[in-house]
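Colleague: Here's a structure for you.
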Amino acid sequence: MRISRPIVPVALALALAACGSDAQPAAEAQEIKVGLLHSLSGTMAISEVTVRDAELLAIDEINRAGGVLGKKLVPVAEDGASDWPTFAEKATKLIRQDKVATVFGGWTSASRKAMLPVFERYKALLWYPVQYEGLESSPYIFYTGATTNQQIIPGLDYLKEQGKKKVFLVGSDYVFPRTANKIIKAYAAANGMEVLGEEYTPLGHTEYSTLVNKVVQARPDAVFNTLNGDSNVAFFKQLKSAGVTAETMPVLSVSVAEEEVTGIGVDNIAGHPVAWNYYQTTETPANEAFVKAYKAKYGATKVTSDPMEAGYNAVYLWAEAVKKAGTTEVEAVKKAAPGISLDRPEGKVTIDGENQHLYKTARIGIIQPDGLIKQVWDSGEPIKPDPYLKAYPWAAGLAAS
């Protein structure tokens, strides 16, 4: 998701510095190497380690079923270390040195934007598993998390339906929250809502008493939270210490899922709403099997979450596209991918050929005292991805601003 320093030029410089020719896995190889690139250390590790774990689970399952094109998938994992230039550096390594067939990775939009020029430069393929702010598409990225009209807008619609007309915006200081809040402000202006305040803190920030005081003094009907990583731990603890409850001032989060609830402490966040496309409690046959398999591999107390499921799905979607193409060659896989539909733990997902995002069902949930999330609303059917918000007149001009 984001940061105001010039991450794209850094990423491009790192990519251009690498030597050698564009490479694809040798056709005769009996194994197919795939890259996994997530923050295994730093402030984002609280969220990203489990996405890596879910991708490893998918790889294990696919290998047990015979692999892809009769070949075993071999994961090559790298640590982005919650540092955007490192993501670009490691992406270059995976493509150029390890010669992986594809990469599954990233969380923040800053990490994705740092990697984007690398993948476009080398015409390699990235599967990005996390909800994000939209206003982007790349011919070398498949987006398996939600875009804006599949998460942020349904979240705003929910608050509006609940009569929450005055909102306060709190986010981490990087691309995702700032862009999301630009969209939220445009939505509010067109839907009779008022934004009372907008505050940002650095990733990893832990002192929220001043910000919490600003929120309390503004007296909003609700808070829209785009904090990422372990900053959520400090924010919700200090919010509770200030006497704020889900009943008096609900905080709707779009980057807090089951795994983060565990880190925050359920006593500090129970009752607050979240907007996602999947919960551990989602009732589908595929989800029952997914949850059972994840717990069997990683422990009975472990939980599943939306980004984990989107990462898990990404591996299966890529494998399906490779099978359809009959090769791991990037252009052939891209050509084969549009229209592929699979029944996944969240329900049916379909790759949109226009923008390489997925049709996804939007869901609003409430965090329960046991740490799980209970769905209270869904969109009824998968929503066509609209990353540039072309269907929303109030969003005109946002992509260029």
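The values are calculated or read from the model by the stated rules, or taken from the named source; none is laboratory data. Everything quoted here is computed from the prediction, not taken from an experiment. Here Cβ is always computed from backbone atoms with ideal geometry, including for glycine, and neighbour counts include all displayed protein chains.
Colleague: Go through region 229-313 and tell me which helices (runs of 4 or more DSSP H), entirely inside it, have 2 or more residues that are not assigned by TED's automatic domain parsing to the domain that holds G163.
Modeller: Once the helices (runs of 4 or more DSSP H) in region 229-313 are filtered for at least 2 residues that are not assigned by TED's automatic domain parsing to the domain that holds G163, what remains is 285-298.
Colleague: If you go through region 232-254 one residue at a time, how many are of a type in the set (S, T, Y), over 21 Å from Q150 (Cβ atoms) and crowded, with 23+ Cβ neighbours inside 10 Å?
Modeller: 0
Colleague: Taking region 356-401 on its own, how many of its residues are farther than 29 Å from V266 by Cβ, touching a Pro at 6+ places or on another chain (Cβ under 6 Å) and not hydroxyl-bearing (S, T, Y)?
Modeller: Qualifying residue count for the region: 1.
Colleague: Only residues that are within 14 Å of I153 (Cβ to Cβ), among the small types (G, A, S), over 17 Å from the mean Cα position of the chain (by Cα) and surrounded by 15 or more Cβ atoms within 10 Å (Cβ to Cβ): list them for region 355-398, please.
Modeller: Scanning region 355-398 gives S379, A395.
Colleague: Restricting to region 186-220, count the residues that are in contact (Cβ under 8 Å) with a residue 12 or more places away in the chain and in a helix (DSSP H, G or I).
Modeller: Quick first cut of region 186-220, residues in contact (Cβ under 8 Å) with a residue 12 or more places away in the chain only: 186-209, 211-216, 218-220.
Among the residues that remain, those that are also in a helix (DSSP H, G or I) are: 186-190, 209, 211-216, 218.
Qualifying residue count, region 186-220: 13.
Colleague: Now for a different question. Select, from A336, A289, the only residue that is under 30 Å from A45 (Cβ atoms) and among the hydrophobic types (A, V, I, L, M, F, W, C). Lay out the reasoning, then the answer.
Modeller: Values: A336 fails: under 30 Å from A45 (Cβ atoms).
One residue alone meets the criteria, A289.
Colleague: Return yes or no: is V215 hydrophobic (A, V, I, L, M, F, W, C) and surrounded by fewer than 22 Cβ atoms within 10 Å (Cβ to Cβ)?
Modeller: Values: hydrophobic (A, V, I, L, M, F, W, C): yes; surrounded by fewer than 22 Cβ atoms within 10 Å (Cβ to Cβ): no.
For V215, the condition - hydrophobic (A, V, I, L, M, F, W, C) and surrounded by fewer than 22 Cβ atoms within 10 Å (Cβ to Cβ) - is not met.
Colleague: Limited to region 41-57, what total is found for residues that are touching a strand residue (DSSP E or B) at 6+ places or on another chain (Cβ under 7 Å) and farther than 18 Å from E258 by Cα?
Modeller: Looking only at that region, the number is 2.
Colleague: Another one. So is S111 under 28 Å from P177 (Cβ atoms), at pLDDT 95 or above and either outside the structural domain of K123 (by TED's automatic domain parsing) or assigned to a helix (DSSP H, G or I) (or both) or not?
Modeller: yes
Colleague: Do you know which of the residues in region 263-285 that are free of Cβ contacts under 8 Å to residues at least 60 places away in the same chain and either under 21 Å from D378 (Cβ atoms) or among the acidic types (D, E) (or both) is surrounded by the most Cβ atoms within 10 Å (Cβ to Cβ)?
Modeller: Here the residue is D267.
Colleague: Return the residues of region 299-323 that are surrounded by fewer than 15 Cβ atoms within 10 Å (Cβ to Cβ) and without any contact (Cβ under 8 Å) to a residue 60 or more places away in the chain; say none if nothing qualifies.
Modeller: The answer is G299, A300, T301.
Colleague: Still on this structure: Go through region 288-327 residue by residue and tally those that are of a type in the set (V, I, T) and within 23 Å of I340 (Cβ to Cβ).
Modeller: 4
Colleague: Then there's this: Please report, ordered by residue number, the strands (runs of 3 or more DSSP E) entirely within region 119-176 with at least 1 residues that are at pLDDT 95 or above, farther than 21 Å from V51 by Cα and aliphatic (A, V, I, L, M).
Modeller: 166-172
Colleague: Scan region 61-70 and tell me whether some residue there is at pLDDT below 95 and assigned to a helix (DSSP H, G or I).
Modeller: Among the residues of region 61-70, not one is at pLDDT below 95 and assigned to a helix (DSSP H, G or I), which makes the answer no.
Colleague: Out of region 154-183, which residues are among the β-branched types (V, I, T) and over 25 Å from T206 (Cβ atoms)?
Modeller: Within region 154-183, just I183 meets the criteria.
Colleague: How many residues, within region 324-354, are surrounded by fewer than 23 Cβ atoms within 10 Å (Cβ to Cβ) and touching a Gly at 6+ places or on another chain (Cβ under 8 Å)?
Modeller: 6
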